[in-house]
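The values are calculated or read from the model by the stated rules, or taken from the named source; none is laboratory data. All values derive from a computational prediction rather than experimental measurement. A quick note on method: Cβ atoms are made from the backbone with ideal geometry, for glycine too, and the neighbour counts reach across all protein chains shown. Ligands, DNA and RNA are excluded from the accessible area calculation, which covers all protein heavy atoms including side chains. Shrake-Rupley method; radii C 1.70, N 1.55, O 1.52, S 1.80 Å.
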Amino acid sequence: MSNETTPVTVVGLGLMGQALAATFLKAGHPTTVWNRTPSKAEKLVADGARLAPTLNDALKPGSLTIVCVTDYEAVHELLGTARLDGTTLINLTSGSSSQARETAQWAERRGARYLDGA
C-alpha cells in the first residue's frame, strides 16, 4: 500500500466545496483552493490549504480539480478562458444529463479529462 497523497484543487467554496477541501486536508492531501470571494478560504488556509491567487494558478497540468459551483453556466463562465490542458476536472455541479455531456465535450476540447459527478 502506498502512503502517497494526491494534490487536489477545489474550485468553489460554498458549503460543499468547503467540506470537500476540509476532508482532503484532514486526509493529508496537499489542497489548493480558489473562490471568487477569497475570504471564504480563510479557515481552510488556516488549516493548511493553499489559496491560489488566480483560477489559472489553481489549474495546473496533471492536477485533480474538483469544481463545486452553482450551475453549468457558472462552470463555463469561470473556466471559459482558463488553461485546462492536462487538468482532470471533476464537476459536482447539478444539472441535466445533456448539460453533463455538453460540458464533458467542452472540457475535452480544451484539453481536460472530465468526470461529471452530479
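Which condition from (1) open to solvent by less than 90 Å² (accessible area, probe 1.4 Å); (2) assigned to a loop (DSSP other than H, G, I, E, B); (3) not aromatic (Phe, Trp, Tyr) is the one that residue 76 breaks?
(2)
Scanning region 80-100 for residues that are under 16 Å from residue 113 (Cα atoms) and among the small types (Gly, Ala, Ser), which turns out surrounded by the fewest Cβ atoms within 10 Å (Cβ to Cβ)?
Looking at the filtered set, the residue picked out is 80.
Mind listing whichever residues of region 41-55 are assigned to a loop (DSSP other than H, G, I, E, B) and closer than 23 Å to residue 81 by Cα?
52, 53, 54
Quick check: is even one residue across region 101-110 within 21 Å of residue 20 (Cβ to Cβ) and not in a helix (DSSP H, G or I)?
Taking every residue of region 101-110 in turn, none turns out to be within 21 Å of residue 20 (Cβ to Cβ) and not in a helix (DSSP H, G or I).
Can you give me the number of residues within region 101-111 that are crowded, with 19+ Cβ neighbours inside 10 Å and either at pLDDT below 95 or of a type in the set (Val, Ile, Thr) (or both)?
Residues flagged as crowded, with 19+ Cβ neighbours inside 10 Å and either at pLDDT below 95 or of a type in the set (Val, Ile, Thr) (or both) within region 101-111 amount to 1.
Pull out all pairs, ordered by first then second residue, where Cβ-Cβ is under 7 Å, the residues are six or more apart or on different chains, the first lies in region 48-67 and is under 14 Å from residue 107 (Cα atoms), and the second is surrounded by fewer than 14 Cβ atoms within 10 Å (Cβ to Cβ) and charged (D, E, K, R).
Every condition considered, the pairs that remain are 61/85.
Taking region 1-40 as the search range and keeping residues that are among the charged types (D, E, K, R) and not in a loop (DSSP other than H, G, I, E, B), which one is nearest to residue 92 (Cα to Cα)?
Filtering region 1-40 for residues that are among the charged types (D, E, K, R) and not in a loop (DSSP other than H, G, I, E, B), the one nearest to residue 92 (Cα to Cα) comes out as 40.
How about region 1-46: which of its residues are open to solvent by 90 Å² or more (accessible area, probe 1.4 Å) and over 16 Å from the mean Cα position of the chain (by Cα)?
1, 3, 4, 26, 42, 43
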